[in-house]
Structures are given as C-alpha cells and as structure tokens.
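The values are calculated or read from the model by the stated rules, or taken from the named source; none is laboratory data. Computed from a predicted model, the values in this text were never measured in an experiment. Every residue, glycine as well, gets a Cβ built from its backbone with ideal geometry; the counts of neighbours run over all protein chains shown.
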Amino acid sequence: MTTTAQTAEGNRTAFLRNTALYVGRIIREALPAASAITVDTSTRTLHEVRDQAGNVLWYAPASAAHDLDDRMTEIESLLGRAIPLGGLRAAGWERTADGCMYRAVQLPPPSRHARAHVRHEGAVIDVHADLVPADSSSFTVGHADDATMRETSDRVRAAITNSGYDLPHGELTAVCHGVLSSPRRGCDGPGPSADLAIAAAVLATAGHVSPRALKRTVLVGELGLDGKVRDARVNIRYADLCGGYRRLIVAAPAYPAHTAHPVIPGGSVHAATDLRQALAFLAQPLDG
C-alpha cells in the first residue's frame, strides 16, 4: 500500500526530474553542445555552461550577449523552485562539490521533445512529451502513483501499440500543463479528451510524425484500446481556438466535422476515426 509519505516523495521526485529535463532542454536550445552546468546554490542562479570536453560555452559574469540570456529568467525561476526541495540529485542529476556554494551538475542525456495542445470549454492544456535515452524502457503520463494518470497511460499505450506503432526505447514521459475549468468529480487529470493529444506528442518524440506538425494544431478526442478515436463530448468554441491555431483534429462525429466544429475561420477541421488517420492528418502541410 502506498503511504502519504511515499506519495509525497514520488511527487517531489517527479517534479524535480521534470524540472531537470526542462532546464536541460531550454539550455540546449541555445547551446546544443551543453553537457554540464554550474549552479550557484546560494543565489539559485546559473553560473556556467560547459561542453562534454569541459570547455566553457557560457559564463555568467563575462559572456557576451547570447540567446541563452533571453531564457535566463525562466531557467532561474525553475532552479529556484527545485533547489529548496532537495536540489537536483533527487532528479537523477549527478552532482559533485565545486566549492561551498557552487554545484557542478551533469545534464541529463539529450531528449526528444514534442508539444501538443488541447483546447475546449472544459480544458486549456498543453501536453509535453519527453524521451530520454535509457537502458530500459518506460512510459508514464503525469505522476506514476496517480490512479487517473495510470489509467490514461494504459489507455494511450494500448491505443498506440494496437494501431501498429512501437513505443520508443528509453524513458518516455508525458506531462499535461494547464487548467480545467470544470473538472470531473474525482479527476485531477485532463480527462479522456486529452488522449489524442497525448498520443500524438508521444508518437512525435518517437519520430512517427514531426514535432513541428503539432504546432498551431489542437487535438481533442478519447482513445479506445483499439486505437479508435471517440467523441469526447466536449464543447469546442471559437473563443478557445482563436490564439493562432490553424487546424483542429477531432473524433469523427455523425455529421461533417466542419459543420460540427466551424471554429477556425480560414483553417481546417479534420475528423479522425482512429489514431492512424489522425497522424495522417498531422502529416499534411498546414495551410496558412
């Protein structure tokens, strides 16, 4: 039986691990060769970035203007939340002492990342999927000790494999960030309407579709274990989709999708009967 203390520890470790992955990804967007960083734990700031050979790529007091500077507020905000919770060791980052206040941190291996979007009257959610190289394979959605997320994970995994796709080798994590305006009783997760977006993000990290294909696209649909896309019975409104989105992929209703969801003027609405068809729509060029 899982105790409250074990649940809290699991949530803390998951938070730190996700923070570590996200910080590493932000840094590598600006410095692809980044392998290790030095953090000033007293001020909770990024001090230095080095490559695998130990060469300094970026140094806080002395480096010239750099693209990394534009992300510094975000990076240091994340570090500021993680360090008081036990630093980064709990997230699996190797640490070695480098003076009293500095910590040299080995970044996690480069990961593949994809982001999908869910927008409707009851949810405004972004799905982030990350694949990290590892000796073993695992797939989790949100916190592994959350019963609702375990059900979502099992449902999405079955839909992917029964649709003929292989899950990639490594540690695969999908995390939903956002809000529910009217969550179901007893449900802290995004609900089944996010299944299609979660599966699309996961398959993008595996290379079955380009992560770029998920940009400016909203996916709404519940997945069956056989990979069929079910109507999630949610109210999709124009107001939820007017922030630059150009494509909506939903479960096939009993009537034409463009009639059921006339919500993207100048954009496109696609009705998918199953996961494979949804990915086929994603593979099409995005108009506009």
For the stretch 179-194, which residues satisfy the criterion of being under 12 Å from Asp126 (Cα atoms) and at pLDDT 80 or above? Ala194
Hey, among the residues in the stretch 158-178 that are modelled with pLDDT of 90 or more and in a loop (DSSP other than H, G, I, E, B), which one's nearest to Gly224 (Cα to Cα)? Ser163
Scan (1) assigned to a loop (DSSP other than H, G, I, E, B); (2) modelled with pLDDT of 85 or more for the single condition Ala134 breaks and write down its number. (2)
Tell me, which residue of the stretch 227-264 that is of a type in the set (Gly, Ala, Ser) and at pLDDT 85 or above is farthest from Ala213 (Cα to Cα)? Gly227
Go through the stretch 204-214 residue by residue and tally those that are under 11 Å from Arg115 (Cα atoms) and either touching a residue at least 40 places away in the same chain (Cβ under 8 Å) or among the polar types (S, T, N, Q) (or both). 6
Please go through the stretch 215-249 and pick out each residue that is hydrophobic (A, V, I, L, M, F, W, C) and over 23 Å from the mean Cα position of the chain (by Cα). Ala239
Mind listing whichever residues of the stretch 1-33 are of a type in the set (Gly, Ala, Ser) and over 20 Å from Thr205 (Cβ atoms)? Ala5, Ala8, Gly10, Ala30, Ala33
Within the stretch 206-237, the residues that are touching a His at 6+ places or on another chain (Cβ under 9 Å) and under 16 Å from Ala123 (Cβ atoms) are Thr217, Val218, Leu219, Val220, Ala232, Val234, Asn235, Ile236, Arg237
Of the conditions (1) touching a residue at least 24 places away in the same chain (Cβ under 8 Å); (2) out of contact with any Gly (no Cβ under 9 Å at 6 or more places or on another chain), Asp51 satisfies every one except a single condition; which number is it? (1)
